[in-house]
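Written below as structure tokens is the structure these notes are about.
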Amino acid sequence: MRITIAILWGALVLSAGAAYGSDVWGGPPDGTWDRFADGTTFTHWDFLFQDWTEPDEWFNPYGPPDADIPIGFEWGLFEAPPSIDPDGDGFVEGWHCLNPAGGTITLTIPNSADPEGTKWIYLQVTSSKKPTGVSAAGPPGTASGTWNPGRPDIMHGGPSPFGGSWYTYSYGLYVQPNPQSETITIEVIECTVIDQIVVDTICTQDPIANDATTWSGVKALYR
Ligand SMILES: [Ca+2]
Ligand SMILES: [Ca+2]
């Protein structure tokens, strides 16, 4: 059964000609799925304003995405090279983890509940230190894991805050069966700055195959 739901667009035009900063890939890997295609969602967080956790652009037919930034993170401006700074003033805005024990940012992405399908997730995180853990989960009864998107992490160079190095990290995640809403958790250590998070998802009708946790496996499933 296919249920048609009005497509929701969330968009805020921040400045004329602003690029997506360190959405360096522009979408999922070639041959997997196209951003904005049927069954997809897209969310882009750049955290441009103080204490604001809303995405600056999103596309989701099923509802608004959400980011939970817990106590222990502080918003601020941080030195960065032009490759991740859309307005070129030498600083990017983001969330800095102050908690000595580290912290976890939790994203919630609504989508169509299709119990026969698999939710595929392509995640980009631009941060000053590598996340220590990235995972996706649905409600009890769902399975989850990773697939290899076949893209290397991209180094942006300095200046980087707190002894780190700016990188855009690339992750492939899945949840099965497709949940009505999935959560993505990003764990970081103290003094990590999160500049940007980009999430692309698609629901396929097919359950995951045992050998499908690679880019070629995902490509074979999407038809
Ligand atoms: Ca800037
Ligand atoms: Ca940012």
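Bear in mind these aren't lab numbers, they're just calculated from the coordinates by the rules spelled out. Quantities reported herein were computed from a predicted structural model and do not represent experimental measurements. A quick note on method: Cβ atoms are made from the backbone with ideal geometry, for glycine too, and the neighbour counts reach across all protein chains shown.
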Problem - Amide H contacts of A143 (H built 1.01 Å from N, under 5 Å, at least 5 apart or other chain) - result: Q176
Practice task
Go through the range 88-101 residue by residue and turn each phi into a ³J(HN,Hα) via Karplus (6.51, -1.76, 1.60, θ = phi - 60°); whole Hz please, and just put x for glycine and proline.
Solution key: x, 8, x, 9, 10, 9, x, 10, 10, 7, 9, 6, x, 7
Practice task
Starting with the fewest neighbours, write out V24, V188 ranked by other beta-carbon atoms found within 10 Å of each beta-carbon.
Solution key: V24, V188
Handout entry: Pairwise FRET efficiency - Q205 versus K130, Cβ, R0 = 30 Å, nearest 0.05
Key = 0.30
Handout entry: Anisotropy class of the range 37-221 from Cα gyration tensor, a/c 1.5 cut
Key = prolate
Problem - Inter-label distance for Q50 and I71, nm, one decimal - labels placed 7 Å from Cα along Cα-to-Cβ - result: 2.0 nm
Exercise for the section: Grab the Cα-Cα distance for D153 and E190, subtract it from 0.36 nm times how many residues apart they are, and report the gain in nm with one decimal. Expected result: 11.2 nm
Handout entry: Label-reachable residues, the range 87-108, where backbone N falls under 17 Å from a point 7 Å from A137's Cα toward its Cβ
Key = 103-108
Problem - Neighbour-count ranking [beta-carbon atoms within 10 angstrom, fewest first] of D195, D34 - result: D34, D195
Handout entry: Prolate/oblate/rounded call for the range 44-114, Cα gyration tensor, a/c under 1.5 rounded
Key = oblate
Exercise for the section: At 7 Å along the Cα-to-beta-carbon direction for both F91 and R35, put a label point, then send me their distance in nm to one decimal. Expected result: 2.7 nm
